[in-house]
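Peer 1: So that we are looking at the same thing, I have put the structure below in structure tokens.
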Amino acid sequence: MEDKSILILGGTGKTGRRVAERLTKLGHKNVRIGSRSGAPPFDWENPATWEAAINGMDAVYITFQPDLAIPSAVETIQQFATLAHNHGIRKMVLLSGRGEKEAQACEQIVMATADNWTIVRASWFNQNFSESVFLPLILAGQVALPRATALEPFTDADDIADVVVESLLDDRHAGQMYELTGPRLMTFPEAVAEIANACDREIHFQALTLEEHAAQLRAYQLPEDYIWLVNYLFTEVLDGRNARVTNDIEKVLGRKAKDFTAFARETAATGIWTPSIQTIDTP
Ligand SMILES: NC(=O)c1ccc[n+]([C@@H]2O[C@H](COP(=O)([O-])OP(=O)(O)OC[C@H]3O[C@@H](n4cnc5c(N)ncnc54)[C@H](OP(=O)(O)O)[C@@H]3O)[C@@H](O)[C@H]2O)c1
């Protein structure tokens with residue numbers, strides 16, 4: 001096995017952490033975490049930090065913060081991809097979203113800049129319920145969200161990480177665009193009911209309008225940029241355009257994508273959804 005030097009941007013996050021763990025387990029000795037807490041630190045908001053993270057690397061997994069949909073993403077991704085290419089990074093794997101035209105502009109940049117690229121477009125992650133924005137709501141036993149009837153094929157971050165690792169290591173994935181989804185379409189109330197069932201708790205779901213949801217986030221005094229982004233994601237991505245399952249995970253990995261029920265069962269067993277051992281924060 002060729003021992004590639006690989007930079008994982010967002011390497012402590014939901015997908016990056018899993019990608020870094022897998023590469024290390026496979027014996028790759030030069031896996032560098034690119035994040036504000038990395039060594040050297042990498043900050044998307046401070047381009048002066050990028051070169052030190054890029055130096056000496058052969059490949060990069062790009063997870064952008066906070067989301068490729070934000071207006072400045074195109075310029076930032078162009079600047080980063082050009083710098084990475086000029087410093088000898090041949091392979092770029094970009095984590096993208098489905099059905100976001102702003103994200104597609106970033107995909108085009110990576111496709112035009114990298115010698116060897118793979119685009120991984122993912123649906124909403126299962127782990128949003130266990131490691132991210134929805135966790136405090138699950139712990140509170142009260143989930144209030146808009147788009148309650150929208151159908152989304154939630155994907156597991158373990159599956160995404162497996163596809164990313166394959167893409168980083170195997171040139172058969174060069175020039176490929178993958179759309180990763182879980183095996184079935186679900187609504188938010190169905191996902192919450194699965195979690196409640198798996199951890200044997202009562203979790204109430206309340207359907208909100210987009211306006212009510214934004215007002216609730218405002219009441220929590222969350223930053224306006226964040227409220228804009230969340231509202232954009234619920235409005236654009238969950239308008240029905242992505243209500244479709246793909247089989248790209250099976251195509252790449254030769255096995256089925258993980259179902260939400262298995263995710264809920266495994267996650268419940270870790271205790272992360274047990275309120276008594278958690279601090280409940282606002283989202
Ligand atoms: N969640 C979903 O359902 C979903 C679906 C499709 C696509 N996506 C895309 O996934 C990407 C996020 O990836 P993820 O969910 O794997 O990561 P994540 O869990 O959001 O992880 C956050 C990571 O980014 C780092 N980070 C935060 N701010 C940073 C900054 N200013 N500069 C550099 N690093 C920073 C964090 O480390 P430090 O704190 O140390 O900096 C951490 O490693 C987004 O682009 C999003 O659009 C998400």
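Peer 1: All but one of (1) surrounded by 14 or more Cβ atoms within 10 Å (Cβ to Cβ); (2) more than 24 Å from the chain's Cα centre (by Cα) hold for HIS204; which doesn't?
Peer 2: Failed condition: (1).
Peer 1: Does any residue of segment 31-40 turn out to be within 13 Å of the ligand (Cβ to nearest atom), within 23 Å of GLY97 (Cα to Cα) and among the aliphatic types (A, V, I, L, M)?
Peer 2: Looking through segment 31-40, at least one residue is within 13 Å of the ligand (Cβ to nearest atom), within 23 Å of GLY97 (Cα to Cα) and among the aliphatic types (A, V, I, L, M).
Peer 1: If you don't mind, another one. Which condition number does ILE77 fail, the rest of (1) over 21 Å from ALA122 (Cα atoms); (2) crowded, with 16+ Cβ neighbours inside 10 Å; (3) touching a helix residue (DSSP H, G or I) at 6+ places or on another chain (Cβ under 7 Å) being met?
Peer 2: (1)
Peer 1: What pairs come out if I take residues in segment 15-33 that are in a helix (DSSP H, G or I) and pair them with residues that are of a type in the set (S, T, N, Q) and within 13 Å of the ligand (Cβ to nearest atom) whose C-beta lies under 6 Å away, six or more apart or interchain?
Peer 2: GLY16/THR63
Peer 1: GLN65 versus (1) more than 13 Å from the ligand (Cβ to nearest atom); (2) in a loop (DSSP other than H, G, I, E, B); (3) at pLDDT 95 or above: which is the lone unmet condition?
Peer 2: (1)
Peer 1: Same structure again: Of the numbered conditions (1) more than 23 Å from GLU166 (Cα to Cα); (2) in contact with an Asp or Glu (Cβ under 7 Å, 6 or more places away or on another chain), SER72 satisfies every one except a single condition; which is it?
Peer 2: So the condition that SER72 fails would be (2).
Peer 1: Let me ask something additional. Being surrounded by 14 or more Cβ atoms within 10 Å (Cβ to Cβ) and free of Cβ contacts under 8 Å to residues at least 40 places away in the same chain is the filter here; which residues of segment 53-71 pass it?
Peer 2: Taking segment 53-71 and keeping what is surrounded by 14 or more Cβ atoms within 10 Å (Cβ to Cβ), we get 53-55, 57-65, 67-70.
If the condition is that a residue be surrounded by 14 or more Cβ atoms within 10 Å (Cβ to Cβ) and free of Cβ contacts under 8 Å to residues at least 40 places away in the same chain, then ASN55, LEU68 are the ones that fit.
Peer 1: Of the residues ILE70, ILE6, ILE109, only one is within 12 Å of the ligand (Cβ to nearest atom) and touching a helix residue (DSSP H, G or I) at 6+ places or on another chain (Cβ under 7 Å); which? Spell out the reasoning first.
Peer 2: Numbers: ILE6 fails: within 12 Å of the ligand (Cβ to nearest atom); ILE109 fails: within 12 Å of the ligand (Cβ to nearest atom).
Unique residue meeting the criteria: ILE70.
The values are calculated or read from the model by the stated rules, or taken from the named source; none is laboratory data. These numbers were taken from a predicted model, which means no experiment stands behind them. With ideal geometry, Cβ positions are generated from the backbone for all residues, glycine too; neighbour counts draw on all protein chains shown.
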